[in-house]
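This report concerns only the one structure given below.
The values are calculated or read from the model by the stated rules, or taken from the named source; none is laboratory data. Here the structure is a predicted model, which is why all the values come from computation and not from measurement. Quick reminder, even Gly has a Cβ in these numbers, built from the backbone with ideal geometry, and neighbours come from all protein chains shown. To get the accessible areas, we keep the full protein, side chains included, count just its heavy atoms, and leave off ligands, DNA and RNA. Shrake-Rupley method; radii C 1.70, N 1.55, O 1.52, S 1.80 Å.
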Amino acid sequence: MANEVVLLDCWVSMFGMRARIALAEKGVQYEYSEQDLGNKSPLLLKMNPINKKIPVLIHKNKPICESLVILQYIDEVWNDKAPLMPADPYQKAQARFWADFIDKKIYDGGRKIWTTKGEEQEGAKKDFIDNLKVLENELGDKTYFGGETFGFLDVALVTFYSWFYAYEKLGNFSIEAECPKLIAWAKRCLERESVSKSLPASEKVYDFVYGMKQRMGI
Ligand code: GS8
């Protein structure tokens, strides 16, 4: 592998976007390698034989898997600028707790919205909004989740924003009407080049999800 840093990724993945944002925040040059998840490459299978999922960060030929692990690795290796993790152990624990909440509730919750219909979908939308409100409450009146500086939890959550339009359109509801402060935070994050350049256009994500829904026969 010619490049010291390679990211195995897929453009529409909110997990892959996390790694992209972190690398951009740190100013790390890397090779972006788009993966076909319908036909996994020998490189992906070799680098992530356990989960066989993207993203995988390959640094000096060694793989790092799982987006939250990747974020922490990037933060520790390129520690000369843009710290992502709070320094305080308690704040660090809190950030990890909420990132885990996002992975468990927001990812699965969002998926439920576009894979169900009728009463099930209504329930999925309610749960999703309830969980976003929990996060909005955690944000409070702060600029970012960690306070004044953009950090780990902002990276972990903001990538879902690129999927919100698809959830809204396919679920026929408005996230902004329910969680205005969270949307204002997401827009604040998007003012950063690291974020705006790492997130695909919402319409493109919608087209992708719509296509997937059709392929799945939903
Ligand atoms: C999730 C990665 C994931 O779901 C992380 O990195 O944080 N917990 C992991 N990757 C998906 C694409 S995004 O939905 C993936 O690679 N799927 C391929 C498959 O499941 O076969």
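Every test in (1) out of contact with any Phe, Trp or Tyr (no Cβ under 9 Å at 6 or more places or on another chain); (2) within 21 Å of Val195 (Cα to Cα); (3) open to solvent by 70 Å² or more (accessible area, probe 1.4 Å) is passed by Ser13 save one, and that test is (3). The set of residues in segment 64-110 being aliphatic (A, V, I, L, M), open to solvent by less than 20 Å² (accessible area, probe 1.4 Å) and in a helix (DSSP H, G or I) consists of Ile70, Leu71, Ile74, Ala95, Ala99, Ile102, Ile106.
Restrict the check to segment 112-130 and report whether at least one residue is surrounded by fewer than 17 Cβ atoms within 10 Å (Cβ to Cβ), outside the structural domain of Ala24 (by TED's automatic domain parsing) and within 18 Å of the chain's Cα centre (by Cα). Scanning segment 112-130 turns up no residue that is surrounded by fewer than 17 Cβ atoms within 10 Å (Cβ to Cβ), outside the structural domain of Ala24 (by TED's automatic domain parsing) and within 18 Å of the chain's Cα centre (by Cα). Scanning segment 187-201 for residues that are more than 17 Å from Cys10 (Cβ to Cβ) and either open to solvent by less than 40 Å² (accessible area, probe 1.4 Å) or not acidic (Asp, Glu) (or both) yields Lys187, Arg188, Cys189, Leu190, Arg192, Ser194, Val195, Ser196.
Regarding Phe145, is this residue closer than 21 Å to Gly16 by Cα, in contact with a Pro (Cβ under 8 Å, 6 or more places away or on another chain) and crowded, with 19+ Cβ neighbours inside 10 Å?
no
Just give me the residues in segment 39-51 being exposed (fewer than 13 other Cβ atoms within 10 Å of the Cβ) and within 9 Å of the ligand (Cβ to nearest atom), in sequence order. Residue satisfying the conditions is Asn51 alone.
Every test in (1) over 21 Å from Met212 (Cα atoms); (2) open to solvent by less than 50 Å² (accessible area, probe 1.4 Å); (3) of a type in the set (A, V, I, L, M, F, W, C); (4) not in a helix (DSSP H, G or I) is passed by Ile54 save one, and that test is (1).
Pairs linking a residue in segment 54-79 that is near the ligand (Cβ under 8 Å from one of its atoms) to a residue that is in a helix (DSSP H, G or I) and open to solvent by 30 Å² or more (accessible area, probe 1.4 Å), with Cβ atoms under 7 Å and 6 or more positions apart or on different chains, are Pro55/Phe15; Ser67/Phe15. Scanning segment 17-38 for residues that are without any contact (Cβ under 8 Å) to a residue 60 or more places away in the chain and near the ligand (Cβ under 10 Å from one of its atoms) gives Ala19, Gln35, Leu37, Gly38.
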